[in-house]
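Here is the structure we will look at, set down as structure tokens.
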2 protein chains.
Amino acid sequence: VDPTTGRAGSTVFHETSTAEVAHTVGSVSDSWHALREISYLDRARALDAIADAVEGERDGLIGAARAETGFSEAKLSGELTRAVMQFRFFADVIREGSFLELAIDHARENATGPMPDLRRRLVPLGVIAVFGASNFPFAFSVLGGDTASALAAGNSVVVKAHSSHPETSDRSFAILKESLAGSLDAVPVGQVLGLQAGLDLVADPRIRAVGFTGSLEGGRALMDAIGRRPDPIPFYGELSSINPVLVTPRAAAEMPLELGKSFAESMTLAAGQMCTKPGVLFVPEGAAGDTVVGAAVAHLESLESQVLLNSTVYESFLEAEDRARTVDRLARLGRRSPVSTGAGFCVNARVYEGSIQSLVGEDLVELFGPSSMVVRYDPDHFVDDASRLLAMMPGSLSISLHLGSNELDGFAELREVIESRCGRIVYNGFPTGVAVAWSQTHGGPWPSTNSVHTSVGAASMRRFLRPVTYQDAPAECLPWELRDEFEGLPRRVDGCLQGGIGG
Amino acid sequence: VDPTTGRAGSTVFHETSTAEVAHTVGSVSDSWHALREISYLDRARALDAIADAVEGERDGLIGAARAETGFSEAKLSGELTRAVMQFRFFADVIREGSFLELAIDHARENATGPMPDLRRRLVPLGVIAVFGASNFPFAFSVLGGDTASALAAGNSVVVKAHSSHPETSDRSFAILKESLAGSLDAVPVGQVLGLQAGLDLVADPRIRAVGFTGSLEGGRALMDAIGRRPDPIPFYGELSSINPVLVTPRAAAEMPLELGKSFAESMTLAAGQMCTKPGVLFVPEGAAGDTVVGAAVAHLESLESQVLLNSTVYESFLEAEDRARTVDRLARLGRRSPVSTGAGFCVNARVYEGSIQSLVGEDLVELFGPSSMVVRYDPDHFVDDASRLLAMMPGSLSISLHLGSNELDGFAELREVIESRCGRIVYNGFPTGVAVAWSQTHGGPWPSTNSVHTSVGAASMRRFLRPVTYQDAPAECLPWELRDEFEGLPRRVDGCLQGGIGG
């Protein structure tokens, strides 16, 4: 379906049947050995080769995604670059080697008696099911972070492609498959399509874990399906996030125009369809806050209408608008242009405003599309009102805090509240944009995620690994990286962290 | 109930009501700040103080546990020493600092554009529910590894005491509480008792994760309860394990008497009520295997009868015996003394034997008590038959492999199968005994655990931590351990691992 017109294309995509899902998982499971039996360095090279292959098909991939998502070339080009870099980054993480969490304790005596020789490393889980997201056809889809981190950790992968961009997914998968066929003796990746195929996938006994980026509703359905397995498996879901942006009275007074415009830009990035979209702007009552809000509304009204990804997002957006208009606590800001333009899934941005004194929890929910909420507070009670706001809201991936100049020390108590409600604290910035890095966290308290792990950055590999310890193994029986004489990777030996590239 | 007589004591223990559970969780949640606001070093000191306090009450604790569990003084004394050492070990792990997974990425440019300054650390989750196990009244109960690792990670804890040893639990909890009251401004621990109290506990909205060591059935009930929460929380369950011991033909030929006796000792440790009990001994058909089995049976018949923990374990043991006698595939070894002695929950050890050719999966299940299964294989097909055995069985905490002299290289393929089915591989030894160490893994594929984490050793703290990243934070707003000038703990800076005590 072309979202700019709402009309279906001529290509018909076949939903994977239950039997086909089983066949795909079986084939991917059988091919896993090809990834396990190569060296870590060869695994890193295989990821670099994928990056090269994807880069080589840039134009075709972007063209397909433009037609299916309505996203701009700039957004898609940046996202593709990000996906390419992500494979290279994980190749570097493999070469660095800390992800193995190597540890050796030599045999010794302690107060409880003799301790055996113990040597530990992390090993991959097996076949991972990865669910592509609608809103990132590259960076969180077939070629996205879950696929890259699962492969980097040494697992095989079956992707459930998102039905919003089947052509982009097919092209992506073909590149992935062909590239891996050039690096490995068998191809440990597969792809399925369709809602039932996704449920069949997580129920398959050979699937060892699930990476999911999508809606809270979809995530719960998969969690329930996993709960019905005889052997429940880990589910890593990134589900729903509001990402409030808190602005202190001094910050609002010092840079109101810049704050308002930047907020409007952030909330309309990718037509407001990012899991890190700022869904709440928390600004003071009074003149400074009015200027922030005025600048935001002025920028929104200067924008052209934006294309939503699919009919589901579009219908939800219109329904939310109908609901919001009936709620007395909420005031619609700006010239009140209709949200629907009548063409395809195109909409105009909208912002509602309410007061922290009158809003209730149900006013503060995630909504995909160029929509956000301004919440006003009493400038004399910033910390108390901000804490109240965060207590009313579910957990988020991120919370942002804008401080005024020299306003550095007064918020230790608030920082503790913020830290308890999210996984990333952004200072003097906006939450859209999640760098792929060692120190990144993309995850937070429910419902932003359901786990204690990040889904972006080096540590996201940990989701798809488990520890195995060798006790009193003769040296010849040990994996080489756990032998005494080996010193090429970071290890903990008898409690002391040793070496590696940067040590 | 005194298991040696089966008679109830005079003290009546009160099951915690739903309202009392809520009150306890509320109080523990409110007291959490006392643990968060002290330094890491003070947290380590608080754990050392608990160790000292427990050591100081050794005699009273062991006396209470003897009366409630029927365990020998030697077993209980060793276990108490282990629990004491465990608190000291986690204090050392805190001081070392790697558990925080500190990482700093300074702002820079890359191909996707400017990258912000990112700084990451792990933070505690909140109130953790810990379920004490029946079979380790100290090391996996109120004073056990889950409590110690959750506290070490900075969390508050509510323990659900096991109904098999309420007096031991009450004494343990009093020591824990009093010791923490000496170290902290408020006491972030609580205790509840009773089946319904356990269900109420995991349903409480303030509980952030659950550590459980117990039965598969009990674990599933808690997982289901967690699945019904509006916000499902992490559940870390250690549920069921058979721990097969594989003996090669050459090992059997070289040391049959020693192997048989050691196996019998291991399977009857703590009256066979250890999660690491060897539930299957895999020995060759023929004379060497016969000698192994003969030595095992001779040792078992030299033992006095053993006391099981409670009526549930006792009844299950008798039922399993009744069932086994009707199965043609199984032959009972030894003089066929009755399993029940008629006194209290006392039983005699039992061993059944079957052939890998005829056994089916349902013959291979965990059973608490001094019981195990000998499985015979064709000595010409050790690797194939061992792989077949492991494929028939669920995942285990451990798998042991006994090799003959110079028999080091021939089992790479089998090692891969073994690694896929457990979390600890024991060479030339038996699985009972799990050292508390940096390199330990106590966990494995379902149903041994449901997670990708260990529940014993340094890394067990990771279960009760989650990452938080600071983006572009002014230095004054950062936790001190994430500031540039700080260098006291191991950190990853711009991708390079740095320093710490052992670096």
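For this structure, a couple of remarks:
- FRET E, pair A:LEU318, B:ALA111, Förster distance 45 Å, beta-carbon r, rounded to 0.05: 0.70
- Within straight-line cross-link reach of B:LYS177, lysines at Cα separation under 24 Å, skipping those fewer than 8 residues along the same chain: B:LYS160
- Point-to-point label distance, B:GLU304-A:SER358, nm (Cα→Cβ direction, 7 Å offset): 8.0 nm
- At an R0 of 51 angstrom, the distance between the Cβ atoms of A:ARG7 and A:GLU258 translates into a FRET efficiency of 0.80.
- Near-label residues of segment B:378-393 by backbone N, under 20 Å of a point 7 Å along Cα→Cβ of B:ALA412: B:382-387
- Sorted shortest first, the distances from the B:SER72 label point to those of the same residue in the other copies are 7.7 nm; each point sits 7 Å from Cα along Cα-to-Cβ.
- Inter-copy label distances at B:SER17 (7 Å, Cα→Cβ; nm, one decimal): 6.0
- For segment B:277-381, the fraction of alpha-carbon pairs lying more than 25 Å apart is 19 percent, rounded to a whole number.
- Extension gain from A:VAL383 to A:THR326, taking 0.36 nm per residue of separation minus the Cα-Cα distance: 17.5 nm
- Among residues of chain B, the one whose beta-carbon sits closest to the B-to-A rotation axis is listed with its distance in Å as B:GLY227, 2.
- Kyte-Doolittle mean at least -0.5, axial Cα span of 27 Å or more - DSSP H helices of chain A: A:73-96
- Extension reserve of the A:SER311-A:ARG36 stretch, reckoned as 0.36 nm per residue once the Cα distance is removed: 94.8 nm
- Pairwise Cα inverse-distance average, inverted: Kirkwood Rh of segment A:245-309 (Å): 12.1 Å
- Overall Cα dimensions of chain A, principal axis frame, Å, largest first: 74, 63, 42
- Straight-distance crosslink candidates among lysines, where the alpha carbon sits under 21 Å from B:LYS75 and sequence neighbours closer than 8 are dropped: B:LYS261, B:LYS277
- For segment B:362-503, the alpha carbon convex hull comes to 190 Å³ per residue, rounded to a whole number.
- Here segment A:341-438 is described by how far its Cα atoms reach on the three principal axes: 50, 41, 26 Å, from widest to narrowest.
- Inter-copy label distances at B:ARG228 (7 Å, Cα→Cβ; nm, one decimal): 1.8
- Dimensions of segment A:103-236 based on its C-alpha atoms, expressed as ranges along the principal axes with the largest first, amount to 62, 38, 24 Å.
- Calculated FRET efficiency for the pair A:VAL365/B:GLU15, C-beta based, R₀ 25 Å, to 0.05: 0.05
- Stokes-Einstein translational diffusion, segment B:180-323 - Kirkwood Rh over all Cα pairs, 1.002 mPa s, 20 °C, in µm²/s: 114 µm²/s
- Share of alpha-carbon pairs per 10 Å distance bin for segment B:1-113, given as whole %: 11, 22, 28, 23, 9, 4, 3, 1
- Here the sum of -39500 (n - 2.57) over DSSP H runs of 4 or more residues, divided by the residues of the protein assembly as shown, equals -12000 deg cm²/dmol at 222 nm, to the nearest 500.
- Amide hydrogen neighbours beyond the local backbone of A:VAL374, cut-off 5 Å, H modeled: A:LEU281, A:TYR352, A:GLU353, A:GLY354
- Projected-area average for segment B:409-471 over all orientations - Cα convex hull basis, square nanometres: 6.6 nm²
- Charge dipole (Cα centre; +1 on Lys/Arg Cβ, -1 on Asp/Glu Cβ; no other charges) of segment B:381-503 amounts to roughly 480 debye.
- Angstrom value of the Kirkwood radius, inverse mean 1/r, which spans all Cα pairs in the protein assembly as shown: 29.9 Å
- Short-range pairs are left out: with C-alpha atoms under 8 Å and at least six residues apart, the relative contact order of chain A is 19 percent.
- Pairwise label distance in nanometres, B:ARG228 with B:ALA391, each label 7 Å out on the Cα-Cβ vector: 4.0 nm
No lab work stands behind these numbers, since they all come straight from the coordinates. Since the model is a prediction, treat every value here as computed from it, not as a measurement. Cβ atoms come from the backbone with ideal geometry, glycine included; neighbour counts cover every protein chain shown.
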